[in-house]
Amino acid sequence: MNAMGWQIGAILIGASALIVAIYIAKLLNSTTKVVERANRLIDYNERNIQEIIENTASITKSVDEIIAILTKVTSILKVFRIFRK
């Protein structure tokens, strides 16, 4: 067998390309499975997710109202502190 250096190099490059292609195929397959599972979970819990979003909006609105009230109270207290001086 009289193989030249470039022939051995070509075989090694071809083998490594095959290994990389197999790895990429496995990676894409597992990625597809993860995305499908995530979509299934989202579809299954869509109602719960929607309720959480609505509750979060409600909580945020309540916090804004409380902050507005506290701002008014502190401004009133600042006015009374001015009169004490």
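Just so it is clear, none of the values below were taken in a lab; they were calculated from the coordinates. Everything numeric in this text was worked out from a predicted model, so none of it was measured. Note: ideal-geometry Cβ built from the backbone for every residue, glycine included; neighbour counts use all protein chains shown.
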Simple spin-label estimate for S58/E36, 7 Å along Cα→Cβ, in nm, reads 3.8 nm
For the chain, what are the per-bin percents of Cα-Cα distances with bins 5 Å wide, up to the bin holding the maximum?
3, 11, 7, 8, 7, 6, 7, 6, 6, 6, 6, 5, 5, 4, 4, 3, 3, 2, 1, 1, 0, 0
When the chain is treated as a Gaussian network with springs between alpha carbons less than 10 Å apart, the largest mean-square fluctuation among E36, E46, E65 is found at E65
Value at 222 nm in deg cm²/dmol, rounded to 500, when DSSP H runs of n ≥ 4 in the chain each add -39,500 (n - 2.57)
-34500 deg cm²/dmol
Rounded to one decimal in nm, the spacing of the 7 Å Cα→Cβ label points at N48 and I66 is 2.6 nm
